[in-house]
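Down below is the structure, laid out as structure tokens.
The values are calculated or read from the model by the stated rules, or taken from the named source; none is laboratory data. On a predicted model such as this, the values are computed, not experimentally measured, just so you know. Counting neighbours? That spans all protein chains shown, and the Cβs are built from the backbone with ideal geometry, glycine included.
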Amino acid sequence: MLRPNELDIAANAPSPGCTPEAAQVYTRWLATHHYENFNVVSWLLPKELHQHFYNVYAYCRWADDLGDEIPETQRAVELLDWWERELDACFRGNPSHPVFIALRETIVAKEIPKQPFADLLKAFRQDQTVKRYPTWDSVLNYCVYSANPVGRLVLYLCGYRDEQRQRLSDATCTALQLANFWQDVARDLEKGRIYIPLDVAAAHGLSEPDLVDRRFDDRYINLMKDLIARTRALFAEGMPLAKMVDARLSIDLEMFSRGGLAVLEAIESAGYDTLHHRPSIGKGKQARLLGRALVTHLVAKDPKPATAQPESADGVAKSYEECHRIARESHSNFYYAFFLLPKKRRDGLAALYAFMRLVDDVADEGNDIAAKQRGLAKWRAALDEAVTSTAAINIAAPSGAAAVLPALGDTMRRYNMPARYLHDLISGAEMDLTVNSYATFDRLREYC
């Protein structure tokens, strides 16, 4: 049983035995407030699954904090054992803790088995006592419990239960966990942990004391190259999963892999020295990754038949013409690279490119940051208006919006493209505006 004030996230939890409604309010609050980046992650599932996702997240968050935020190892193990007893009670149908009251609804609705929840607890317990991994296989075995259950839980939430998708998910989740390990070597050393398999380090001439003493030389560079190559192979193994799920999830799953691969690229760009620095991915890079995923999705997907549109057919056609003009006059290889695609796909790519080009122009032109921010805010409002309104684009919209947004809106409808992805691209441009205000790498890293 948790003691008063022993865990920060318990402060706002309702009393044991609360109503399911109160429990769900708490899990939603925890998911959307406790960690700043979860508002992005929560969009990984369709809206009707958000509450179920919040409930699963709350379970994982509590388990993680019981393992990481409790300073005494023995006490942390005791609390993880208590958490598993609460899990057992939940699966017997008599939950009492608010997290499990909410989670019970999800378990029943989605028919989720106990195993992935229990596996996560095994990993958190292992973190209390295991600080070194002698072999590559021992690290992979740790990922079976620390990473793979999360992917399987997401698959269960989305209605996928087959072994093939689970295997592909396991490869992706393991790769993501490994990429995080190689990125966080310096942080883990501060905690007394080494996730680099010692047999792989030894094969490159490095001993455990070399890692503890942070001896960076060609041996460590070659070690990182080896580990990165193994991790990339796992990402490649899991890539087909994005094509085997609902279209609403495929972009998000691809973004997981692209993001993990970008971490590996960041390690390479930093000269492989993760003993002293933690390479990171800025918001601008994340936006560009999203743009690449959108383009891939658009090229690969067959458009839906046209339906009634808020704009006249003539107006939409003229809008596509303007998008093609912008793409051509940019003198970018982008336009000609897709020249042989079917016309509807060329039109969609031109609309997407024109939108991205005009948004980038707002961020790139001039020196008045406040004016740029206002310009991007206008683009955000115009995008919302184009998606939700049946009227013409407001005359107060930013320059070019009235000309390109009818085509973009048509493309979004044809390819079932959520507006949030375009908003994320605007967010990337907004974040780029502040980069120049950070004078040092440490300040930039803090910002990221």
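Hey, can you tell me all the residues within the stretch 390-448 that are surrounded by 20 or more Cβ atoms within 10 Å (Cβ to Cβ) and either modelled with pLDDT under 60 or in contact with a strand residue (DSSP E or B) (Cβ under 8 Å, 6 or more places away or on another chain) (or both)?
Once the filter is applied, which keeps residues that are surrounded by 20 or more Cβ atoms within 10 Å (Cβ to Cβ) and either modelled with pLDDT under 60 or in contact with a strand residue (DSSP E or B) (Cβ under 8 Å, 6 or more places away or on another chain) (or both), the stretch 390-448 yields only I393.
Is it the case, given these coordinates, that D137 is out of contact with any Ser or Thr (no Cβ under 6 Å at 6 or more places or on another chain), of a type in the set (D, E, K, R), in the same structural domain as T174 (by TED's automatic domain parsing) and assigned to a helix (DSSP H, G or I)? Walk me through how you get there before you give the answer.
Numbers: out of contact with any Ser or Thr (no Cβ under 6 Å at 6 or more places or on another chain): yes; of a type in the set (D, E, K, R): yes; in the same structural domain as T174 (by TED's automatic domain parsing): yes; assigned to a helix (DSSP H, G or I): yes.
Yes, satisfied.
Got at least one residue in the stretch 65-77 being outside the structural domain of P14 (by TED's automatic domain parsing), in contact with a Gly (Cβ under 7 Å, 6 or more places away or on another chain) and not polar (S, T, N, Q)?
Taking the stretch 65-77 first, the residues outside the structural domain of P14 (by TED's automatic domain parsing) are none.
Looking for residues that are outside the structural domain of P14 (by TED's automatic domain parsing), in contact with a Gly (Cβ under 7 Å, 6 or more places away or on another chain) and not polar (S, T, N, Q), one finds none in the stretch 65-77, hence no.
Taking the stretch 234-248 as the search range and keeping residues that are under 13 Å from L155 (Cβ atoms) and modelled with pLDDT of 85 or more, which one is surrounded by the fewest Cβ atoms within 10 Å (Cβ to Cβ)?
M244
Name the single residue that is modelled with the lowest pLDDT among those in the stretch 18-48 being loosely packed, with under 12 Cβ neighbours inside 10 Å and within 20 Å of E105 (Cβ to Cβ).
It comes out as K47.
Output the qualifying pairs, or none if there are none: Cβ atoms under 8 angstrom, residues six or more apart or on different chains, first residue in the stretch 78-102 and small (G, A, S), second residue outside any helix (DSSP H, G or I).
Close Cβ pairs (under 8 Å, with a partner that is outside any helix (DSSP H, G or I)) amount to A89/P95; A89/S96; S96/P16; S96/G17.
Could you please let me know if K131 is surrounded by fewer than 18 Cβ atoms within 10 Å (Cβ to Cβ), closer than 20 Å to D188 by Cβ and not small (G, A, S)?
Details: surrounded by fewer than 18 Cβ atoms within 10 Å (Cβ to Cβ): yes; closer than 20 Å to D188 by Cβ: yes; not small (G, A, S): yes.
It is true that K131 is surrounded by fewer than 18 Cβ atoms within 10 Å (Cβ to Cβ), closer than 20 Å to D188 by Cβ and not small (G, A, S).
How many residues are within 11 Å of F100 (Cα to Cα) and without any contact (Cβ under 8 Å) to a residue 60 or more places away in the chain when one looks only at the stretch 48-58? Step through it out loud before you land on a result.
Taking the stretch 48-58 first, the residues within 11 Å of F100 (Cα to Cα) are 55-56, 58.
Subsequent filtering for residues that are without any contact (Cβ under 8 Å) to a residue 60 or more places away in the chain retains 55, 58.
Number satisfying all stated conditions: 2.
Cβ-Cβ below 7 Å, separation at least six or inter-chain, first residue in the stretch 353-380 and in a helix (DSSP H, G or I), second of a type in the set (K, R): which pairs?
V362/K372; A363/K372
Kindly indicate whether A147 is within 30 Å of C90 (Cα to Cα), surrounded by 21 or more Cβ atoms within 10 Å (Cβ to Cβ) and either within 20 Å of the chain's Cα centre (by Cα) or not hydroxyl-bearing (S, T, Y) (or both). Please lay out each step first, then the result.
Details: within 30 Å of C90 (Cα to Cα): yes; surrounded by 21 or more Cβ atoms within 10 Å (Cβ to Cβ): yes; either within 20 Å of the chain's Cα centre (by Cα) or not hydroxyl-bearing (S, T, Y) (or both): yes.
For A147, the condition - within 30 Å of C90 (Cα to Cα), surrounded by 21 or more Cβ atoms within 10 Å (Cβ to Cβ) and either within 20 Å of the chain's Cα centre (by Cα) or not hydroxyl-bearing (S, T, Y) (or both) - is met.
Y145 passes all but one of (1) of a type in the set (F, W, Y); (2) within 30 Å of K110 (Cβ to Cβ); (3) touching a Phe, Trp or Tyr at 6+ places or on another chain (Cβ under 7 Å); which number fails?
Looking at each condition in turn, Y145 falls short on (3).
Can you pull out the residues in the stretch 205-215 that are crowded, with 17+ Cβ neighbours inside 10 Å and of a type outside the set (A, V, I, L, M)? Before you say what the answer is, go through the steps one by one.
Within the stretch 205-215, the subset crowded, with 17+ Cβ neighbours inside 10 Å is 206, 210-211.
Scanning the stretch 205-215 gives a single hit, D210.
When you look at A76, is it at pLDDT 95 or above, part of a helix (DSSP H, G or I) and farther than 23 Å from N12 by Cα, yes or no? Can you show your working first?
Values: at pLDDT 95 or above: yes; part of a helix (DSSP H, G or I): yes; farther than 23 Å from N12 by Cα: no.
So A76 does not fit the description; no.
So R125 fits all but one of (1) touching a residue at least 24 places away in the same chain (Cβ under 8 Å); (2) assigned by TED's automatic domain parsing to the domain that holds L103; (3) farther than 24 Å from E208 by Cβ; (4) not β-branched (V, I, T); what number is the exception?
Here R125 meets the rest and fails (3).
Name the residue, out of R132, R104, that is in a loop (DSSP other than H, G, I, E, B) and either outside the structural domain of T19 (by TED's automatic domain parsing) or not hydrophobic (A, V, I, L, M, F, W, C) (or both).
Exactly one residue qualifies, and that residue is R132.
Condition check: buried (at least 16 other Cβ atoms within 10 Å of the Cβ) and either more than 20 Å from T135 (Cβ to Cβ) or over 29 Å from the mean Cα position of the chain (by Cα) (or both). Does L223 satisfy that? Break it down into steps so the answer makes sense when it comes.
On the way: buried (at least 16 other Cβ atoms within 10 Å of the Cβ): yes; either more than 20 Å from T135 (Cβ to Cβ) or over 29 Å from the mean Cα position of the chain (by Cα) (or both): no.
When the stated conditions are applied, L223 does not pass them.
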